[in-house]
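Every number here is computed from the coordinates shown, using simple stated rules; none is lab data. This structure is a prediction, so every number in the text was calculated from the model and none was measured. Cβ: placed from backbone, ideal geometry, glycine included. Neighbour counts: every protein chain shown.
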Amino acid sequence: MQILAPIEWVVAWVIYGAHWLFTLLGFGEGPGIAWVLSIVVLTIIMRAAMMPLFFKQIEAQRGQQLLAPELKAIQDKYRDKKDPASREAMSRETMALYKENGSNPMSSCLPMLLQMPIFFALFRVLGAIGPIASGERAGIGPITQSIAANIERSTLFGAHLSDVFTTTASTTSRVVIIGLILAMTASQFFSQRQLTMKNMPESAMQGQAASMQKMMLYVMPVIFAISGVNFPVGVLIYWTVTNLWSMGQQYYAIKKMPTPGSQAETEMRAKKTARAAAKGVVLEPAGLSGSNDVIEITSGGQRQQPKRKNRTKKN
């Protein structure tokens, strides 16, 4: 596939460059764990470069969650109307709602879509390692025949980076691959569950969109588990690491920027209240303005009148 050739070239250079850095740190130049770690470095570089898109994805998903009740109302409005005019009107009202709130349903899928070319390029590079090492095809970027031979002989717990469950005859490799598939699917499941269960308001946990999200929560890991038997070990390493990275990013984002009305926001407010109480300050529930009232407790145990945190002094 010629369209992936430039991406394959970049992937090859990143893996090669990471391995070169590991050799400076004392790792051997030949076959070894440094080539495995190079794939981990590729994953980290790619995910770090996509961090701005990740936070846009979080914002888009939050927008989708908050719009869920209004979207459900539009769907209910046209539920029994199957004629083309009603379908068009429902679509028009849905798009107007997205536009009015600055939300784009495709934004939540963008990081995944941008990852796919890297994923397929890595898949093709690792699939070409054997033919390059044997001289059957030309190298890719810095990966020459000798470099490819070193990569091919590199192992993770006895499984070669280019081993595939459906083609390898090694029992050791198959056991390692099964372990990686389980790690990949489990991390995929918990990464998605982290978003859908803890960072969604109760209002967004109902309706067709919520049902679809819950279905994808269980369907996607199954798809990855089935397709994983066709992935080289190196690709399984890449996908497992990227899922773990996603879990870490999401944990930080949910902790610092929870969706209003979600379980994560409730927990954050409880922690803030507990910290304030330890300092002798009582945080009253949010009022109409959305901000907490602050009541200071004096040394004599008396409470002063409530004051707004955000109250500015009038001239």
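Using the basic label-point model (7 angstrom from Cα toward the beta carbon), what is the SER227 to THR144 distance in nanometres?
With each label placed 7 Å out from Cα toward Cβ, I get 3.6 nm.
Express in nm, to one decimal, how much length is gained between THR273 and LEU25 on full extension, taking 0.36 nm for each residue of separation and deducting their alpha carbon distance.
So the chain would gain 84.5 nm between THR273 and LEU25.
Quick one: which of LYS77/LYS99; LYS77/LYS256; LYS99/LYS272 span more than 28 angstrom between C-alpha atoms?
Over 28 Å Cα-Cα: LYS77/LYS256; LYS99/LYS272.
Tell me, in nm to one decimal, what length is gained between ALA5 and ILE45 on full extension, where the rule is 0.36 nm per residue of separation less the Cα-Cα distance?
12.5 nm
Summing Lys, Arg as +1 and Asp, Glu as -1, what charge do residues with Cβ under 14 Å from the Cβ of GLN75 carry, GLN75 excluded?
+3
For ASP76 paired with LEU113, estimate the spin-label separation in nm (one decimal), with each label point 7 Å from Cα along the Cα-to-Cβ line.
Label-label distance for ASP76 and LEU113, simple model: 3.1 nm.
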